[in-house]
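Chemist: Quick one: this structure, given as structure tokens, is what I'll be asking you about.
The values are calculated or read from the model by the stated rules, or taken from the named source; none is laboratory data. Only a predicted model underlies this, so the values are computations on that prediction, with no experimental measurement involved. Positions of Cβ are generated from backbone atoms using ideal geometry, with glycine treated the same way; all protein chains shown enter the neighbour counts. Each accessible area value is taken on the protein alone, full model and side chains, heavy atoms only, with ligands, DNA and RNA left out. Shrake-Rupley method; radii C 1.70, N 1.55, O 1.52, S 1.80 Å.
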Amino acid sequence: MIPELGQFALALALILALTQGTLPLVGAARGMPSWMNLARPAAQGQFVFVAIAFGCLTYSFINNDFSVLYVASNSNSALPLQYRIAGVWGGHEGSLLLWVLMLSLWTMAVSVFSSHLPDDIIARVLGVLGLISVGFLSFMLFTSNPFDRLLPAAMDGRDLNPLLQDPGMVLHPPMLYMGYVGFSVAFAFAISALLSGRLDATWARWSRPWTTTAWMFLTLGIALGSWWAYYELGWGGWWFWDPVENASFMPWLMGTALIHSLAVTEKRGAFKSWTVLLAIFAFALSLLGTFLVRSGVITSVHAFATDPKRGIFILAFLVIVIGGSLALFAWRAHRVGLGGHFEVVSRETFLLTNNVLLVVAAGAVLLGTLYPLFLDALGLGKLSVGPPYFEIVFVVLMAPALFLMGVGPLARWKQASLPELAVRLKWAFVVSVVTALLLPLTMGQWTPLASFGLLLALWIVASSVTTLWSRLKQTPGASLSKKLRAQSRSYYGMLLAHVGVAVFVVGVTMVKSYEAEKDVRLAIGDTVELGGYAFRFDGLNEVKGPNYTAVRGTLTVTRGGAGVATMYPEKRIYNVQKNAMTEAAINTGFTRDLYVSLGEPVGDNAWVVRVQVKPFVDWIWGGCVLMALGGLLAVLDRRYRVAARARTREDALAAGAAAAS
Amino acid sequence: MKRWQWWLLPLGIFLVLVVFLGVGLTLNPREVPSPLIGKPAPPFELPQLHEPQKTFSQKDVAGKVWLLNVWASWCAPCREEHPLWVELAKANVAPIYGLNYKDKRADSIAWLQRYGNPYVLSVSDSQGRIGIDYGVYGVPETYVIDKRGVIRFKQIGPVTPTVLKEKILPLIAKLNENT
């Protein structure tokens with residue numbers, strides 16, 4: 001009964017989405033307020049029904065209803081409760097439902113927090129979001145229904161993939177999807193600006209906080225996924241340039257370009273059509289990511305059940321949504337004009353250059369991800385593009401981008417002077433060069449790459465401090481704390497996010513340059529030395545988990561005779577799917593992680609054990625958290641709450657006047 | 001902005017991409033040349049599903065072209081491909097043997113009763129040990145094994161009518177011609 005209720009709720013949501021995606025758009029085009037006003041109730045009703053459907057599926061999971069095919073395929077009666085709940089998005093159908101839930105949540109948020117927007121704009125934004133929702137709801141109902149019954153019911157379920165039975169995996173998909181789907185709001189704003197023909201600074205101001213919020217979630221989602229891969233896959237790697245990872249990374253790069261471009265459009269009225277294009281691209285890449293993961297066009301370690309039938313549906317959807325909006329772009333955007341004029345040396349130019357670098361980087365990732373597909377389609381053979389390609393491309397493209405990150409915030413809008421910038425940044429430059437040259441020596445070995453990575457990170461921090469300092473000097477005020485308080489939250493958000501990038505770069509550089517690992521055969525009592533640490537293998541015992549049995553090793557780690565930690569790596573066998581899982585033991589520290597995983601037994605109580613020392617690895621995720629916090633600060637800026645109302649009214653008047661003239 | 005054609009550029013690039021993605025859909029990235037292809041099928045001797053006291057090993061089919069289908073009663077995609085096997089068994093093209101993978105005996109027999117039994121016989125690999133030798137990483141999987149016991153084709157996931165018609169049947173015909 002409950003699953004049928006869920007299905008019915010989905011069908012009702014589809015009807016509401018159809019209403020939301022058509023009538024308000026027509027109403028906005030023809031100027032019919034009563035049709036435009038349908039947008040908000042339809043969006044909110046849709047959210048209620050999608051939430052009911054999601055609740056129904058969760059209920060079936062919690063109560064082990066194995067007469068539902070999807071539950072039987074992704075859960076098991078012995079599965080602990082938290083993973084039965086996470087199992088809801090453990091497979092294809094449920095992840096789609098999560099996608100739709102997130103979309104309706106964003107849509108509802110737009111409908112609630114948009115009282116200051118003109119009616120026609122909100123009708124168009126919600127209308128576009130409604131159309132996207134129509135696509136996904138019908139995709140789900142017609143090709144991937146999570147509520148399909150399995151008759152007769154299975155005795156028990158096939159269990160959730162053991163890789164996904166992990167706290168990181170409980171949170172990773174919702175975060176990631178919040179980000180992915182959030183770009184649909186930026187997209188909807190861009191499309192409605194194109195439709196209305198009012199492509200101006202106000203449009204950028206409205207869509208900026210939404211875009212930043214989505215970007216923030218995406219940052220956290222990707223970081224969580226990377227962290228999960230690090231400790232759960234048991235190899236100690238944190239990024240694999242896997243197609244599915246790339247699928248989440250491309251929208252991130254595009255979204256990063258977009259939030260910077262939106263800043264220029266809001267502040268200076270420039271880059272308008274470029275910003276619109278970025279908004280379309282960011283969402284297009286989110287959709288493309290969904291297509292790549294779900295269609296089976298590309299193989300991946302994340303291989304979920306894939307199905308070409310579904311691929312055709314998503315591809316058609318992609319053509320309609322993205323092809324349609326790019327056609328609209330071609331038709332409308334060339335009339336927009338370039339907006340505010342700026343000189344070659346100006347903050348606009350720096351931001352534009354960074355933008356281009358980010359877009360090219362996203363393009364390079366796309367190329368690397370799809371290259372095997374291109375070759376296969378042209379009949380030139382099968383191959384895969386590996387990390388070396390991506391790493392080289394990234395170092396080459398991101399190094400200048402990181403350098404410009406230091407210069408941009410200090411440069412003036414419209415026209416800046418290079419000599420003046422050089423004078424203001426000379427100390428930041430000297431300090432970061434000297435430190436970067438010396439710092440690797442403390443690690444015992446100097447390498448050019450380590451020095452270069454640290455240089456970029458230090459440069460970002462030093463130039464950010466310089467920027468803040470010169471800004472404080474210009475701020476009138478008696479005391480330093482008053483001056484500090486006078487700066488806006490979004491300014492601090494920007495600085496924090498940039499410092500986050502620096503912290504991230506430190507993590508990547510140090511891990512790449514100084515990580516050490518050893519695969520050794522250890523019998524009980526043996527000791528292995530690595531990076532100044534001694535790991536002694538003390539023994540093995542058997543452990544029973546709720547739905548697995550495990551062999552657990554005990555290793556005592558000492559450094560110079562002093563105890564550091566006792567570590568318990570495990571090898572688990574999950575009862576239902578019989579998969580062996582390596583559960584690494586990690587000792588986390590501020591400047592290094594110790595990472596121990598059990599390999600295979602090699603007779604006589606001896607095991608192959610992999611021990612790793614990973615310097616500064618946690619800075620990678622720490623940096624991501626700082627970036628996300630920077631985004632949060634920017635979104636919480638006062639001007640979005642206090643000034644929005646008053647200003648928009650003026651804008652609406654001005655727009656009305658412009659339309660009348 | 002006189003050169004309005006330039007504004008069509010993003011659309012053009014996108015459409016090229018779509019064409020490739022569309023072509024990509026017709027290809028099968030899972031058709032990775034399995035390391036087992038061209039190698040002798042890993043040997044096994046396992047109890048038969050219906051008569052557990054008897055065993056079966058590849059020696060019993062030496063000199064024939066045969067199909068090994070990995071299946072399980074808990075496997076939903078198996079049910080999708082199953083009618084194809086039932087049809088194929090009726091056509092009597094090649095003997096189909098089942099490897100019943102990580103399954104309970106009673107469930108499997110009930111499942112065959114319900115959906116039909118296309119197999120000459122099935123063997124029980126209740127622990128999944130043979131599955132490891134064959135590199136089974138998803139059920140169903142299907143192997144075409146030639147007269148000398150060499151694996152010639154491997155399908156990961158359910159066999160579709162297209163794969164059966166365009167790949168498996170021609171291969172069986174070819175293998176049966178060669179002696």
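Chemist: Please work out which one of (1) within 12 Å of chain A (Cβ to nearest Cβ); (2) open to solvent by less than 30 Å² (accessible area, probe 1.4 Å); (3) modelled with pLDDT of 85 or more is the condition B:Gly138 fails and give its number.
Modeler: Of (1) within 12 Å of chain A (Cβ to nearest Cβ); (2) open to solvent by less than 30 Å² (accessible area, probe 1.4 Å); (3) modelled with pLDDT of 85 or more, only one is false for B:Gly138: (3).
Chemist: Search region B:7-31 for residues being more than 7 Å from chain A (Cβ to nearest Cβ) and at pLDDT below 85, and hand back the single one that is surrounded by the fewest Cβ atoms within 10 Å (Cβ to Cβ).
Modeler: The selected residue is B:Thr26.
Chemist: Across region A:48-101, what is the number of residues that are among the aromatic types (Phe, Trp, Tyr) and over 26 Å from the mean Cα position of the chain (by Cα)? Before the answer, list the steps.
Modeler: Taking region A:48-101 as the starting set, the residues that turn out to be among the aromatic types (Phe, Trp, Tyr) are A:49, A:54, A:59, A:61, A:66, A:70, A:83, A:89, A:99.
Remaining after also requiring over 26 Å from the mean Cα position of the chain (by Cα): A:49, A:59, A:61, A:66, A:70.
Of the residues in region A:48-101, 5 are among the aromatic types (Phe, Trp, Tyr) and over 26 Å from the mean Cα position of the chain (by Cα).
Chemist: Provide a single number: the residues in region A:111-143 that are under 22 Å from A:Ala29 (Cα atoms), outside any helix (DSSP H, G or I) and not hydroxyl-bearing (Ser, Thr, Tyr).
Modeler: 3
Chemist: Taking the residues in region A:125-149 that are within 14 Å of chain B (Cβ to nearest Cβ) and open to solvent by 20 Å² or more (accessible area, probe 1.4 Å) as candidates, determine which candidate is nearest to A:Ser226 (Cα to Cα).
Modeler: Here is the first cut: in region A:125-149, the ones within 14 Å of chain B (Cβ to nearest Cβ) are A:143-146, A:148-149.
Keeping just the survivors that are open to solvent by 20 Å² or more (accessible area, probe 1.4 Å) gives A:143, A:148-149.
On the way: A:Thr143: 30, A:Asp148: 33, A:Arg149: 35 Å.
Per the stated criteria, the residue is A:Thr143.
Chemist: Please work out which one of (1) at pLDDT below 80; (2) crowded, with 23+ Cβ neighbours inside 10 Å; (3) touching a His at 6+ places or on another chain (Cβ under 6 Å) is the condition A:Ile298 fails and give its number.
Modeler: Against the list (1) at pLDDT below 80; (2) crowded, with 23+ Cβ neighbours inside 10 Å; (3) touching a His at 6+ places or on another chain (Cβ under 6 Å), A:Ile298 comes up short only on (3).
Chemist: What are the residue pairs meeting all of these: first residue in region B:9-31, first residue small (Gly, Ala, Ser), second residue at pLDDT 80 or above, Cβ atoms under 7 Å, and 6 or more apart or on different chains?
Modeler: B:Gly22/A:Leu315
Chemist: Also, quick follow-up: What about A:Ile322, is it modelled with pLDDT of 90 or more and within 12 Å of chain B (Cβ to nearest Cβ)?
Modeler: On the way: modelled with pLDDT of 90 or more: yes; within 12 Å of chain B (Cβ to nearest Cβ): yes.
Judged against the criteria, A:Ile322 is a match.
Chemist: Among the residues of region A:381-398, which ones are away from chain B (no Cβ under 12 Å), of a type in the set (A, V, I, L, M, F, W, C) and open to solvent by 70 Å² or more (accessible area, probe 1.4 Å)?
Modeler: Of the residues in region A:381-398, the ones away from chain B (no Cβ under 12 Å) are A:385-398.
Going one step further and asking which of them are of a type in the set (A, V, I, L, M, F, W, C), we end up with A:385, A:390, A:392-398.
Within region A:381-398, A:Ile392, A:Val395, A:Val396 qualify.
Chemist: Confirm whether A:Leu160 is crowded, with 19+ Cβ neighbours inside 10 Å, among the hydrophobic types (A, V, I, L, M, F, W, C) and assigned to a loop (DSSP other than H, G, I, E, B). If you could, list the steps in order and put the result at the bottom.
Modeler: Details: crowded, with 19+ Cβ neighbours inside 10 Å: yes; among the hydrophobic types (A, V, I, L, M, F, W, C): yes; assigned to a loop (DSSP other than H, G, I, E, B): yes.
Yes, satisfied.
Chemist: I'm told A:Val528 meets every condition in (1) aliphatic (A, V, I, L, M); (2) closer than 27 Å to A:Ala457 by Cβ; (3) open to solvent by less than 70 Å² (accessible area, probe 1.4 Å) except one. Can you identify the failing condition by its number?
Modeler: Of the numbered conditions (1) aliphatic (A, V, I, L, M); (2) closer than 27 Å to A:Ala457 by Cβ; (3) open to solvent by less than 70 Å² (accessible area, probe 1.4 Å), the odd one out for A:Val528 is (2).
Chemist: Please give the number of the condition A:Asp376 fails out of (1) within 14 Å of another protein chain (Cβ to nearest Cβ); (2) modelled with pLDDT of 90 or more.
Modeler: Going through (1) within 14 Å of another protein chain (Cβ to nearest Cβ); (2) modelled with pLDDT of 90 or more one by one, A:Asp376 breaks only (2).
Chemist: Also, I was wondering about something else. Look through region A:544-582, keep the residues that are outside any loop (DSSP other than H, G, I, E, B) and of a type in the set (Lys, Arg), and return whichever of them is farthest from A:Glu232 (Cα to Cα). Spell out how you get there, then give the answer.
Modeler: Going residue by residue through region A:544-582, those that are outside any loop (DSSP other than H, G, I, E, B) are A:544, A:548-559, A:562-567, A:570-574, A:580-582.
From what's left, of a type in the set (Lys, Arg): A:544, A:552, A:559, A:571-572.
Working: A:Lys544: 19, A:Arg552: 15, A:Arg559: 26, A:Lys571: 12, A:Arg572: 12 Å.
Only one residue tops the list, namely A:Arg559.
Chemist: When you look at B:Trp66, is it within 18 Å of the chain's Cα centre (by Cα), buried (at least 20 other Cβ atoms within 10 Å of the Cβ) and without any contact (Cβ under 8 Å) to a residue 60 or more places away in the chain, yes or no?
Modeler: Values: within 18 Å of the chain's Cα centre (by Cα): yes; buried (at least 20 other Cβ atoms within 10 Å of the Cβ): yes; without any contact (Cβ under 8 Å) to a residue 60 or more places away in the chain: no.
The answer is no for B:Trp66.
Chemist: Moving to a separate point now. Of a type in the set (Val, Ile, Thr) and either under 30 Å from A:Ser261 (Cα atoms) or out of contact with any Gly (no Cβ under 8 Å at 6 or more places or on another chain) (or both): does that describe A:Val557?
Modeler: Values: of a type in the set (Val, Ile, Thr): yes; either under 30 Å from A:Ser261 (Cα atoms) or out of contact with any Gly (no Cβ under 8 Å at 6 or more places or on another chain) (or both): no.
Here the answer is no, as A:Val557 does not meet what is asked.
Chemist: For region B:69-120, give me the residue count where each residue is within 14 Å of chain A (Cβ to nearest Cβ), of a type in the set (Gly, Ala, Ser) and free of Cβ contacts under 8 Å to residues at least 12 places away in the same chain.
Modeler: 2
Chemist: Under 9 Å between Cβ atoms, which residue pairs at least 6 apart in sequence (or on different chains) link something in region A:353-366 that is within 20 Å of A:Phe240 (Cβ to Cβ) with a partner that is modelled with pLDDT under 95 and among the β-branched types (Val, Ile, Thr)?
Modeler: So the pair list comes out as A:Ala361/A:Val393; A:Ala364/A:Val393; A:Val365/A:Val393.
Chemist: Moving to a separate point now. Considering only residues that are assigned to a helix (DSSP H, G or I), open to solvent by less than 40 Å² (accessible area, probe 1.4 Å) and of a type in the set (Gly, Ala, Ser), which ones fall in region A:482-518?
Modeler: Those that are assigned to a helix (DSSP H, G or I), open to solvent by less than 40 Å² (accessible area, probe 1.4 Å) and of a type in the set (Gly, Ala, Ser): A:Ser490, A:Gly493, A:Ala497, A:Gly500, A:Ala502, A:Gly507, A:Ser513.
Chemist: A follow-up question, please. Taking the conditions exactly as written (in contact with a helix residue (DSSP H, G or I) (Cβ under 9 Å, 6 or more places away or on another chain) and crowded, with 24+ Cβ neighbours inside 10 Å), does A:Met36 satisfy them or not?
Modeler: Details: in contact with a helix residue (DSSP H, G or I) (Cβ under 9 Å, 6 or more places away or on another chain): yes; crowded, with 24+ Cβ neighbours inside 10 Å: yes.
It is true that A:Met36 is in contact with a helix residue (DSSP H, G or I) (Cβ under 9 Å, 6 or more places away or on another chain) and crowded, with 24+ Cβ neighbours inside 10 Å.
Chemist: Then there is this: Based on what the data block shows, is A:Leu438 crowded, with 17+ Cβ neighbours inside 10 Å and either farther than 29 Å from A:Phe271 by Cα or touching an Asp or Glu at 6+ places or on another chain (Cβ under 8 Å) (or both)?
Modeler: Numbers: crowded, with 17+ Cβ neighbours inside 10 Å: no; either farther than 29 Å from A:Phe271 by Cα or touching an Asp or Glu at 6+ places or on another chain (Cβ under 8 Å) (or both): yes.
The answer is no for A:Leu438.
Chemist: Does A:Asn74 fit the bill of being at pLDDT below 90, among the polar types (S, T, N, Q) and surrounded by 16 or more Cβ atoms within 10 Å (Cβ to Cβ)? So that I can check it myself, show each step before the final result.
Modeler: Details: at pLDDT below 90: yes; among the polar types (S, T, N, Q): yes; surrounded by 16 or more Cβ atoms within 10 Å (Cβ to Cβ): yes.
Taking the combined requirement at face value, the residue satisfies it.
Chemist: Can you say whether A:Leu468 is closer than 17 Å to A:Val506 by Cα, among the aliphatic types (A, V, I, L, M), in a helix (DSSP H, G or I) and open to solvent by less than 80 Å² (accessible area, probe 1.4 Å), as far as the supplied structure shows? Steps first, please.
Modeler: Numbers: closer than 17 Å to A:Val506 by Cα: no; among the aliphatic types (A, V, I, L, M): yes; in a helix (DSSP H, G or I): yes; open to solvent by less than 80 Å² (accessible area, probe 1.4 Å): yes.
It is false that A:Leu468 is closer than 17 Å to A:Val506 by Cα, among the aliphatic types (A, V, I, L, M), in a helix (DSSP H, G or I) and open to solvent by less than 80 Å² (accessible area, probe 1.4 Å).
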